[in-house]
Amino acid sequence: MSRPKSLTISLAILFLFTIGLTCFKLKPISKSYNEFLPKEIYNVSYDFYFKGKDSMFVKSYLPQDNERQRISETPQKVKNSSFSIVKEGQNHRGIWRTTQKRNFHTVQYGFTFKGKALKYVIADDLSKKLNRHVDTKYLKPSKYIEVFHPKINKLANKLTATTYDLKSSITALYTYVYKIPSAPINQRTSALNALEQNLASCNGKARLFVAMCRNQGIPARLKGGLILENTQKRISHLWAEVHIQDKWVPFDVLNGHFAYLPANYLELYTGDRPLITHSKDILFDYSYTIEKMDHVPFINSDAYTKLQSNPFTLIKLSESGIIPKKVLSFLLLLPLAGLLISLLKNVIGLKTYGIFLPVLIAYTLSMIGFISGISLFLCITGLIALFSIPLNRWGLLYTPKIVVLLTLTVLSILVLISIGLYFEISWLTKLSFFPIIVIVIMSERFARAIEEDGYQKAASTIGQTLLVTSFCYLIFASSTLKTLVLIFPEFILVSLMINLFIGKWIGLRVTEYFRFKRLIFNTN
């Protein structure tokens with residue numbers, strides 16, 4: 001592989017420039033490093049609104065640092081009220097008070113949550129009668145956790161009758177409660193009510209699981225908090241914890257998390273208690289405003305904050321709103337996806353319909369979901385192949401035939417959307433303009449390939465196109481990569497250098513080694 005001297009010099013300059021920019025940004029990253037590297041970061045705000053005739057108060061539990069979450073408070077917006085924090089056992093409670101009557105009060109308490117997932121491995125050989133050094137209150141009944149009620153006692157004994165170790169006992173109890181149908185019941189549901197109704201939300205299921213664990217001598221307790229999503233919500237969440245070998249192990253019997261807690265679970269309090277309480281006879285409303293923050297898991301959030309002012313990053317541009325974040329991410333990831341296609345086509349030897357059509361399809365899949373998107377594309381290509389059979393027999397001219405196929409494609413899309421509406425298939429009813437345009441473009445290319453190359457070769461190429469598309473999808477679906485290119489936009493220069501290098505490739509492709517292996521290795 002020969003390269004002109006000017007190309008070699010250009011590659012060297014680009015390489016040195018890229019290394020210089022990257023090193024310039026590694027310094028604040030190295031200075032801000034610590035061992036806690038979160039998977040998810042959210043800005044959370046408690047928004048309380050209340051009005052009354054007498055002095056009023058609002059109380060709510062506040063988050064604390066632990067092994068899987070870190071909390072950074074932000075300045076409060078409090079008018080005409082006082083704020084204090086009271087420690088109640090293991091919990092911290094914020095209290096807002098005001099003596100100003102007949103005024104409408106707004107309280108905002110904000111903080112930044114940094115969390116990571118937590119997964120426990122429970123040994124298979126632990127005894128049911130494991131010695132547990134834990135407070136006996138975690139074995140006793142309470143108002144809504146009827147540990148020794150005959151129905152709960154009978155069920156718990158039946159479920160664990162054939163289990164011989166702690167893990168299998170917990171699994172039997174967990175599986176039963178998990179299979180109870182879920183319902184968005186807003187009122188507090190006791191363990192007994194959840195059992196008798198065979199229907200419960202998170203609070204009823206968690207209480208029933210805790211009740212049956214305690215019934216079998218297994219210490220258990222409730223944990224309350226929020227499931228963080230990029231939205232505004234009013235719903236809190238309740239799950240259970242079981243004491244195993246001196247550790248409190250989480251179990252969410254509503255969402256199916258066994259000895260596991262996802263990174264977006266915000267822990268707020270321990271015990272069976274309401275998250276918010278307030279004065280009687282007042283007008284009260286509330287919401288939780290949650291905003292997911294861009295970050296890279298292996299870059300500390302403090303370093304990310306420092307990099308915002310770095311002139312060689314695009315973080316400020318992303319947060320300015322001048323260019324929508326989705327558009328900016330697409331622009332930055334486009335060269336990387338193009339590099340991947342270049343490697344797969346020129347080095348591996350895969351064939352695709354064009355260069356950027358797989359990129360457009362991959363971006364569409366990131367919008368509508370991989371499985372549903374691939375299913376939709378396969379469905380459309382199958383219909384095109386089916387429609388083309390009678391059109392070929394009728395001997396239509398090329399251009400009118402392609403237009404007929406495109407028209408049938410549009411009609412098929414409308415039928416699929418109608419089916420999605422009728423059967424409540426949400427991803428079918430949310431097809432936006434961009435995915436539809438990409439489907440139409442792909443349909444035109446596939447129809448042309450059938451006309452020029454036949455069904456077998458066209459099907460092979462569409463299969464390879466979707467394979468390349470799947471690799472490109474991994475780029476567009478990666479939130480880490482989206483943030484990484486904001487911090488290190490010089491990755492685009494790396495893509496440019498590699499493409500310049502590939503541009504002088506004259507060797508065999510990988511698929512050609514398999515195709516001509518007998519000739520190459522003289523095996524005849």
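Across the stretch 324-511, the fraction of Cα-Cα pairs farther apart than 31 Å, rounded to a whole number, is 24%. Inverting the pair-averaged 1/r between distinct Cα atoms of the stretch 118-262 gives 15.3 Å as its Kirkwood hydrodynamic radius.
Step through the table entries Lys114/Lys482; Lys116/Lys151; Lys223/Lys326; Lys128/Lys205, compare each Cα-Cα distance with 28 Å, and write down the pairs that go over it. In this structure, Lys116/Lys151; Lys223/Lys326 exceed 28 Å between Cα atoms. Counted by neighbouring Cβ atoms within 10 Å, the residues Met212, Met497, Met442 run from fewest to most as Met497, Met442, Met212.
Counting neighbouring beta carbons within 10 Å and listing from fewest to most, the residues Cys202, Cys472, Cys23, Cys379 come out as Cys23, Cys379, Cys202, Cys472. Approximating the spin labels as points 7 Å out from Cα along Cα→Cβ, the Asn346-to-Ile9 distance works out to 2.2 nm. A straight Cα-to-Cα reach below 13 Å connects Lys292 with the aspartates and glutamates Glu40, Glu229, Glu319, residues fewer than 8 places away in its own chain not being considered. In terms of its Cα atoms, the chain spans 79, 56, 55 Å along the principal axes, sorted from long to short. The spacing between the stretch 243-298 and the stretch 2-23, judged by their C-alpha centroids, is 50 Å.
The lysines whose alpha-carbon is closer than 20 Å to the alpha-carbon of Lys401, local same-chain residues fewer than 8 away aside, are Lys457. Along the charge dipole of the stretch 158-294, pointing to its positive end and built from +1/-1 on Cβ of Lys, Arg, Asp and Glu, which listed residue (Leu238, Ile218, Gly271) has its Cα farthest out? Farthest towards the positive end: Ile218.
The C-alpha atoms of the chain define a longest principal axis, and helix 150-159 lies at about 40 degrees to it. As a proxy for reagent exposure, ranking Thr136, Thr429 by other Cβ atoms within 10 Å from fewest up yields Thr136, Thr429.
Just so you know, all these numbers are worked out from the coordinates, no wet-lab data involved. Please read all numbers here as calculations on a predicted model, not as lab measurements. Reconstructed Cβ throughout: ideal geometry from the backbone, glycine too, with neighbour counts over all protein chains shown.
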